[in-house]
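Worksheet for the structure shown next.
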Amino acid sequence: MNIISALFSNSGGIHPDDAKKTTAALPSVVAPIPPLLAVSLAQHLGAPSKTLVKKGDTVLRGQPIADSAGFVSARVHAPTSGKIVSVGLRMTASGRTAPVIEIESDGQDQPFTTEPPAGDWTTLPPRELIERIHQAGIIGMGGAGFPTQVKLSPPPGKTIQTLILNGAECEPFLTADHRLMVEQAEAIIAGIRVLQHIFKDARVRIAVEDNKPDALAALAQAADILTGDVQMVRLRTAYPQGAEKQLIYSITGREVPSGGLPMDVQTLVENVATVQAIGDAVIRGFPLIERVLTVTGPAITQPRNIRARIGTPFSDLIAFCGGPRGPIGRLICGGPLMGIAQSGLAGAVTKTTSGLLVLPPEREAPFSSMPCISCGRCVDACPIRLLPCTLSETSEAEQDTAAEDLKVMDCIECGCCAYVCPARRPLVQHMRRAKARVQILRKQREAQKKKQPV
Amino acid sequence: MNMPPASEWLINSSPHVRANDSVSRIMGRVLIALIPALGAAVWFFGWNALRLTLACTVTCVLAEWASRTLMKRDRGINDLSAAVTGVLLALNLPPQLPTWMAVLGSLVAIVIAKQLYGGIGYNLFNPALIGRTFLLVSFPVAMTTWMAPSVFPWADAITTATPLGIWKTALNATQHAPPDFFQQFSVSDLLTGNRPGCLGETCSLGLLLGAAYLLITRCITWHIPFSMLFTIALGATILYKMDPTQNLPPHYQLLTGGVLLGAFFMATDMVTTPVTRPGMILFGIGCGLITLVIRKWGGYPEGVSFSILIMNSLTPLINRLARSRVFGHAPQSKPA
């Protein structure tokens with residue numbers, strides 16, 4: 001497989017210390033199945049799944065326990081066999097309250113079905129392949145958690161000409177996708193074959209950052225079995241290289257229009273873990289009940305790449321990694337630039353949990369209320385070419401129409417601006433606040449319009 | 001397993017890592033970058049350089065502290081920006097200026113140009129240049145009395161004029177370039193700083209050394225200084241080609257007066273200059289053009305300070321107009 005370098009160069013972005021050395025070479029290890037699992041029904045973007053079980057039911061590994069509750073929703077499966085001990089609302093790693101099903105493991109890990117799906121999948125029409133993916137509960141595992149079957153079903157009139165496999169993993173510290181690409185290259189390529197059956201004639205671009213040459217090589221070797229227009233793309237290491245719109249630009253030179261979707265530029269982007277799950281679902285009939293994630297950071301005793309069941313509590317993962325080393329200052333679900341700070345150990349692994357970052361206490365407060373000195377570093381760093389410094393001030397002053405005119409709604413909250421700010425202003429927080437306020441403003445305008453007689 | 005209490009964890013909005021830089025580190029690097037120019041000032045102008053630098057820096061820091069205290073705001077003098085203003089103002093003064101004038105200029109710079117606007121981040125004009133310009137219009141004689149450089153132990157000062165002053169006076173009086181001008185001021189003298197002028201503006205090599213340090217440590221970007229220098233070089237070349245007897249050659253335009261000090265240390269002040277790269281280039285071009293126009297047609301022999309202050313006043317406008325196209329938007333989207 002020939003390897004090309006990314007053709008287009010994104011503006012903005014940052015080059016933080018990637019801190020991946022600690023775990024990049026560590027083979028992923030299987031975590032023990034915890035005695036109690038907490039499976040969220042709001043792991044995906046869209047309506048929370050509706051539960052199919054009640055307290056006291058016994059379930060088997062891979063048995064559906066909640067079903068899609070609408071078009072943009074996803075199915076959820078029991079990660080192991082055991083008894084349902086509770087179904088109810090509780091705090092999840094996202095920082096929001098969501099319905100959660102708690103399962104007490106029976107220690108047997110008995111499967112729901114053992115038969116692989118009958119028949120030759122390559123003869124099935126795309127519609128049925130997509131349905132298998134839906135049945136397996138697959139959502140975007142790179143972070144957004146968008147239900148995959150929706151992404152694979154573009155509305156009439158939209159075509160997919162480019163299929164991008166996202167192996168950028170540009171967040172520092174995380175090496176889960178890296179290990180998956182090295183260890184499961186064939187399974188990922190099998191997933192691409194499924195996607196090629198759904199989008200015939202689409203060209204395939206497998207994109208990996210150049211700080212993971214072993215992953216690039218492993219995928220390139222495995223990709224030799226693929227037919228059609230397939231190319232490996234070596235991406236320049238930069239953050240946020242793996243952000244969907246930035247990745248599409250790097251490879252195709254096209255910008256996803258503001259407010260639009262990748263399919264508006266005839267492109268589909270899937271994370272490597274998602275693609276592997278797609279292959280497993282269609283070819284082997286496996287539902288999505290586990291994933292690889294990285295537990296790392298200076299305050300964990302033994303950093304590891306772990307294959308864990310969905311629903312594994314964070315406390316079990318930290319214990320599996322030898323517990324904390326010294327005091328914990330912050331526990332982050334995800335990477336250091338876009339991850340979510342945890343208020344405790346109540347969270348559990350979801351389909352989108354790429355890592356757990358255990359950080360020691362900092363000497364300096366992360367943010368300050370110092371005034372902006374107009375250095376313009378945030379302007380240089382913003383991959384969307386916004387003016388974060390100006391938006392931060394309009395946000396503080398609650399000038400919502402000004403923020404809207406400055407295109408605050410295009411902000412992807414990647415954190416580059418706050419990363420570089422020498423005045424340590426909480427720029428992403430200001431952006432989020434402005435975005436929320438503009439959304440309210442727009443709703444009010446809609447309501448106003450409806451009131452007025454036509 | 002001994003798990004520490006989650007109640008002590010820090011919960012904040014992402015990102016959770018950040019570049020290891022701060023305002024005080026940036027200001028500290030500016031101070032370091034000024035050391036070569038300051039050293040040259042001491043070498044050529046003796047104790048006067050130390051006297052004025054000390055007077056301005058101490059006054060600026062004290063004025064900043066007093067203003068913040070009186071306004072009941074965060075003290076904030078540990079960001080070193082007042083010290084930078086002090087050193088920059090001193091380097092923009094003629095060597096023999098009385099101490100009390102330097103103190104007065106420093107008070108104007110910090111209290112009026114900076115703190116009355118709200119302090120760091122809010123001032124419209126470069127404080128050091130406001131201090132200098134205040135002194136220039138208030139004490140025109142003292143601010144245009146220059147001394148010839150000498151070396152240790154610094155003989156009694158001989159009053160003289162700057163190269164640009166000599167050039168302008170001769171042209172105004174006789175319509176001709178001054179005789180022996182290029183013998184009097186050789187290029188090597190302009191590079192080392194062996195010429196009359198403001199304390200910190202004469203030693204071109206020292207200024208370039210400091211500029212290189214600021215560029216390498218990414219405290220400044222090339223956009224403003226290089227577009228300003230390029231504009232001056234281009235305009236000076238055109239003027240010189242048109243009439244070499246009435247116009248200085250381009251390298252003399254660049255190496256005399258305060259061009260290098262202004263381009264690398266004053267026109268790059270973050271607070272008072274644009275935030276976008278196209279805006280920075282516009283700013284630099286404007287500074288270069290105004291400098292040339294004042295030098296050629298204005299009443300003053302030198303126009304760097306005025307050019308930067310005029311462009312400071314245009315910065316909010318430039319920030320509104322010179323914006324990059326937002327990702328995913330059509331090019332013609334109107335500026336807000």
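Select, from A:Ile248, A:Ile225, the only residue that is at pLDDT below 95 and within 26 Å of A:Leu129 (Cα to Cα).
A:Ile225
Does B:Leu190 satisfy being modelled with pLDDT under 95 and closer than 26 Å to B:Leu88 by Cα?
Here the answer is yes, as B:Leu190 does meet what is asked.
Just give me the residues in the range A:245-269 being in a loop (DSSP other than H, G, I, E, B) and either farther than 14 Å from A:Ile384 by Cβ or not small (Gly, Ala, Ser) (or both), in sequence order.
Within the range A:245-269, A:Gly253, A:Arg254, A:Glu255, A:Val256, A:Pro257, A:Leu261, A:Gln266 meet the criteria.
Inspect all residues belonging to the range A:240-248 and state whether any of them is surrounded by 18 or more Cβ atoms within 10 Å (Cβ to Cβ), more than 14 Å from every other protein chain (Cβ to nearest Cβ) and of a type in the set (D, E, K, R).
There is no residue in the range A:240-248 that is surrounded by 18 or more Cβ atoms within 10 Å (Cβ to Cβ), more than 14 Å from every other protein chain (Cβ to nearest Cβ) and of a type in the set (D, E, K, R).
Quick one: in the range A:318-327, of everything that is part of a loop (DSSP other than H, G, I, E, B) and open to solvent by less than 10 Å² (accessible area, probe 1.4 Å), which residue is modelled with the highest pLDDT?
Checked the range A:318-327; the qualifying residue modelled with the highest pLDDT is A:Cys321.
Only one of these is of a type in the set (S, T, N, Q), out of contact with any helix residue (DSSP H, G or I) (no Cβ under 8 Å at 6 or more places or on another chain) and either over 30 Å from A:Arg75 (Cβ atoms) or surrounded by 19 or more Cβ atoms within 10 Å (Cβ to Cβ) (or both): A:Ser354, A:Ser392, A:Ser368. Name it. Reasoning before the result, please.
On the way: A:Ser354 fails: out of contact with any helix residue (DSSP H, G or I) (no Cβ under 8 Å at 6 or more places or on another chain); A:Ser392 fails: out of contact with any helix residue (DSSP H, G or I) (no Cβ under 8 Å at 6 or more places or on another chain).
A:Ser368 is the lone residue from the list that is of a type in the set (S, T, N, Q), out of contact with any helix residue (DSSP H, G or I) (no Cβ under 8 Å at 6 or more places or on another chain) and either over 30 Å from A:Arg75 (Cβ atoms) or surrounded by 19 or more Cβ atoms within 10 Å (Cβ to Cβ) (or both).
Among the residues that make up the range A:277-289, is at least one of them within 11 Å of chain B (Cβ to nearest Cβ) and either assigned to a loop (DSSP other than H, G, I, E, B) or more than 24 Å from A:Ile198 (Cβ to Cβ) (or both)?
So in the range A:277-289, the residues within 11 Å of chain B (Cβ to nearest Cβ) come out as none.
No, there is no match, as no residue in the range A:277-289 is within 11 Å of chain B (Cβ to nearest Cβ) and either assigned to a loop (DSSP other than H, G, I, E, B) or more than 24 Å from A:Ile198 (Cβ to Cβ) (or both).
Filter the range A:54-67 down to the residues that are in contact with a Ser or Thr (Cβ under 6 Å, 6 or more places away or on another chain) and either small (Gly, Ala, Ser) or on the phi > 0 side of the Ramachandran plot (or both) and list them by number.
The answer is A:Ala66, and nothing else.
Surrounded by fewer than 24 Cβ atoms within 10 Å (Cβ to Cβ), hydroxyl-bearing (Ser, Thr, Tyr), free of Cβ contacts under 8 Å to residues at least 40 places away in the same chain and within 12 Å of chain B (Cβ to nearest Cβ): which single residue out of A:Ser258, A:Ser315 fits that description?
Selected residue: A:Ser315, the only one of A:Ser258, A:Ser315 that is surrounded by fewer than 24 Cβ atoms within 10 Å (Cβ to Cβ), hydroxyl-bearing (Ser, Thr, Tyr), free of Cβ contacts under 8 Å to residues at least 40 places away in the same chain and within 12 Å of chain B (Cβ to nearest Cβ).
Kindly evaluate B:Leu321 against the criterion of being surrounded by 15 or more Cβ atoms within 10 Å (Cβ to Cβ) and either in contact (Cβ under 8 Å) with a residue 12 or more places away in the chain or within 14 Å of chain A (Cβ to nearest Cβ) (or both). Explain how you work it out, then say what you get.
Working: surrounded by 15 or more Cβ atoms within 10 Å (Cβ to Cβ): no; either in contact (Cβ under 8 Å) with a residue 12 or more places away in the chain or within 14 Å of chain A (Cβ to nearest Cβ) (or both): yes.
No: the conditions fail for B:Leu321.
Out of (1) open to solvent by 10 Å² or more (accessible area, probe 1.4 Å); (2) facing chain B (nearest Cβ under 10 Å), the odd one out for A:Leu337 is which?
(1)
Of everything in the range B:34-64, what is aromatic (Phe, Trp, Tyr), out of contact with any Lys or Arg (no Cβ under 9 Å at 6 or more places or on another chain) and surrounded by 18 or more Cβ atoms within 10 Å (Cβ to Cβ)? Give them in sequence order.
B:Trp43, B:Phe45, listed by residue number.
For B:Gly279, work out the one condition from (1) within 14 Å of another protein chain (Cβ to nearest Cβ); (2) free of Cβ contacts under 8 Å to residues at least 40 places away in the same chain it doesn't fulfil.
Answer for B:Gly279: the failing condition is (2).
Taking the conditions exactly as written (facing chain A (nearest Cβ under 10 Å), among the hydrophobic types (A, V, I, L, M, F, W, C), under 18 Å from the mean Cα position of the chain (by Cα) and open to solvent by less than 40 Å² (accessible area, probe 1.4 Å)), does B:Val304 satisfy them or not?
So B:Val304 fails the test.
For the range A:221-239, does any single residue satisfy the condition of being within 16 Å of A:Glu169 (Cβ to Cβ), under 20 Å from the mean Cα position of the chain (by Cα), assigned to a strand (DSSP E or B) and of a type in the set (Ser, Thr, Tyr)?
Taking the range A:221-239 as the starting set, the residues that turn out to be within 16 Å of A:Glu169 (Cβ to Cβ) are A:232-239.
Now drop any that are not under 20 Å from the mean Cα position of the chain (by Cα), which leaves A:235, A:237-239.
Those left that are additionally assigned to a strand (DSSP E or B): A:235, A:239.
Those left that are additionally of a type in the set (Ser, Thr, Tyr): A:239.
Among the residues of the range A:221-239, at least one is within 16 Å of A:Glu169 (Cβ to Cβ), under 20 Å from the mean Cα position of the chain (by Cα), assigned to a strand (DSSP E or B) and of a type in the set (Ser, Thr, Tyr), which makes the answer yes.
Residues to consider are B:Thr273, B:Thr315; find the one that is closer than 23 Å to A:Lys407 by Cα and in contact (Cβ under 8 Å) with a residue 60 or more places away in the chain.
B:Thr315 is the lone residue from the list that is closer than 23 Å to A:Lys407 by Cα and in contact (Cβ under 8 Å) with a residue 60 or more places away in the chain.
Among the residues of the range A:286-309, count how many are open to solvent by 20 Å² or more (accessible area, probe 1.4 Å) and more than 20 Å from A:Val39 (Cβ to Cβ).
Result for the range A:286-309: 5.
Since B:Leu135 meets every condition but one in (1) at pLDDT 95 or above; (2) more than 25 Å from B:Thr160 (Cβ to Cβ); (3) buried (at least 22 other Cβ atoms within 10 Å of the Cβ); (4) not hydroxyl-bearing (Ser, Thr, Tyr), which condition does it not meet?
(2)
With the structure loaded, tell me whether B:Gly286 is at pLDDT 95 or above and either within 12 Å of the chain's Cα centre (by Cα) or more than 14 Å from chain A (Cβ to nearest Cβ) (or both) or whether it fails that test.
On the way: at pLDDT 95 or above: yes; either within 12 Å of the chain's Cα centre (by Cα) or more than 14 Å from chain A (Cβ to nearest Cβ) (or both): yes.
In short, yes.
Tell me the residue from B:Gly121, B:Gly165, B:Gly105 that is within 14 Å of another protein chain (Cβ to nearest Cβ) and either touching a residue at least 60 places away in the same chain (Cβ under 8 Å) or in a helix (DSSP H, G or I) (or both), please.
B:Gly121
Restricting attention to the range A:212-225, does a residue exist that is closer than 28 Å to A:Ala418 by Cα and more than 14 Å from chain B (Cβ to nearest Cβ)? Show your work before the answer.
Residues of the range A:212-225 closer than 28 Å to A:Ala418 by Cα: A:212.
Remaining after also requiring more than 14 Å from chain B (Cβ to nearest Cβ): A:212.
For the range A:212-225, residues closer than 28 Å to A:Ala418 by Cα and more than 14 Å from chain B (Cβ to nearest Cβ): present.
Filtering the range A:79-99 down to residues that are among the β-branched types (Val, Ile, Thr) and in contact with a Leu (Cβ under 7 Å, 6 or more places away or on another chain), which residue is most open to solvent (accessible area, probe 1.4 Å)?
A:Thr97
Taking interchain pairs and intrachain pairs at least six residues apart, which have beta carbon atoms under 7 angstrom, with the first residue in the range A:372-401 and facing chain B (nearest Cβ under 8 Å) and the second open to solvent by 40 Å² or more (accessible area, probe 1.4 Å) and among the polar types (S, T, N, Q)?
A:Pro383/A:Ser11; A:Arg385/A:Ser11; A:Arg385/B:Ser324
Among the candidates B:Ala170, B:Ala148, B:Ala157, which residue alone is in contact with a Pro (Cβ under 9 Å, 6 or more places away or on another chain), open to solvent by 10 Å² or more (accessible area, probe 1.4 Å) and touching a residue at least 60 places away in the same chain (Cβ under 8 Å)?
One residue alone meets the criteria, B:Ala157.
Would you mind telling me which numbered condition in (1) over 12 Å from the mean Cα position of the chain (by Cα); (2) of a type in the set (Gly, Ala, Ser); (3) at pLDDT 95 or above B:Ala128 fails?
(1)
Going through the range B:23-33 one residue at a time, which ones are open to solvent by 20 Å² or more (accessible area, probe 1.4 Å) and more than 16 Å from the chain's Cα centre (by Cα)?
Selection gives B:Ser24, B:Arg25.
The values are calculated or read from the model by the stated rules, or taken from the named source; none is laboratory data. Note that the structure is a prediction, hence the values are computed from the model and not measured. Using ideal geometry, Cβ is built from the backbone for each residue, glycine included, and neighbour counts are taken over all protein chains shown. To get the accessible areas, we keep the full protein, side chains included, count just its heavy atoms, and leave off ligands, DNA and RNA. Shrake-Rupley method; radii C 1.70, N 1.55, O 1.52, S 1.80 Å.
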